[in-house]
1. Is there a residue being outside any loop (DSSP other than H, G, I, E, B) and farther than 30 Å from residue 100 by Cβ anywhere in the range 24-36?
2. Any residue in the range 2-25 that is within 30 Å of residue 42 (Cβ to Cβ) sitting within a Cβ distance under 6 Å of a residue that is aromatic (Phe, Trp, Tyr) and outside any loop (DSSP other than H, G, I, E, B)? List the pairs, counting only those 6 or more apart or interchain.
3. Among the numbered criteria (1) at pLDDT 95 or above; (2) within 25 Å of the chain's Cα centre (by Cα), which one does residue 104 miss?
4. Any idea which residue in the range 86-106 is surrounded by the fewest Cβ atoms within 10 Å (Cβ to Cβ), counting only those that are in contact with a strand residue (DSSP E or B) (Cβ under 6 Å, 6 or more places away or on another chain) and outside any loop (DSSP other than H, G, I, E, B)?
5. Which of the residues belonging to the range 29-85 are loosely packed, with under 10 Cβ neighbours inside 10 Å, basic (Lys, Arg) and under 30 Å from residue 105 (Cβ atoms)?
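The values are calculated or read from the model by the stated rules, or taken from the named source; none is laboratory data. Since we're looking at a predicted model, the values are computed, not measured. Here Cβ is always computed from backbone atoms with ideal geometry, including for glycine, and neighbour counts include all displayed protein chains.
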Amino acid sequence: MDLSSLKPAKGSVKSKTRVGRGEGSKKGGTAGRGTKGQKSRSGYSRKIGFEGGQMPLQRRVPKFGFKNIFKETYKPINLDILQDFAEKQNITIINPDVLYEYGLISKKDKVKILARGELKLTLEVSAHAFSKKAKEEIEKLGGNVKIIN
């Protein structure tokens with residue numbers, strides 16, 4: 001047995017029906033599209049969500065909610081990430097510029113320090129926000145916390 005002897009299973013491959021090729025083919029004339037109407041014409045494509053003239057679902061259901069343009073979103077950084085980062089880079093001062101430099105955040109990200117994990121080093125951390133527990137953990141080890149506006 002080799003690749004040249006492989007064939008698809010019997011009945012699994014059907015030949016494409018050629019439509020619009022004369023009356024003798026049984027698919028001539030209207031080419032299986034029926035007579036008249038929008039669907040029989042060339043270039044027909046139904047709009048997404050079209051329901052045959054009935055009011056579409058996306059227009060029947062009322063709109064609700066809003067997007068608050070003043071919402072401030074923060075990039076969360078946990079204490080365990082700070083611990084690993086400080087050990088690997090051998091630094092004690094951490095701020096958004098340093099985090100950006102090493103690819104942990106994007107340029108315009110605001111940083112919030114959260115308390116997951118364990119911190120063992122004394123660090124000077126500057127960020128836009130801190131959770132209460134994270135702030136306590138950093139200060140408990142003799143580190144400094146500075147909030148940036």
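1. Of the range 24-36, the ones outside any loop (DSSP other than H, G, I, E, B) are 24-25.
Going one step further and asking which of them are farther than 30 Å from residue 100 by Cβ, we end up with 24-25.
Yes, some residue in the range 24-36 is outside any loop (DSSP other than H, G, I, E, B) and farther than 30 Å from residue 100 by Cβ.
2. none
3. Status for residue 104: all satisfied but (1).
4. The qualifying residue surrounded by the fewest Cβ atoms within 10 Å (Cβ to Cβ) is 93.
5. Residues satisfying the conditions are 67, 71.
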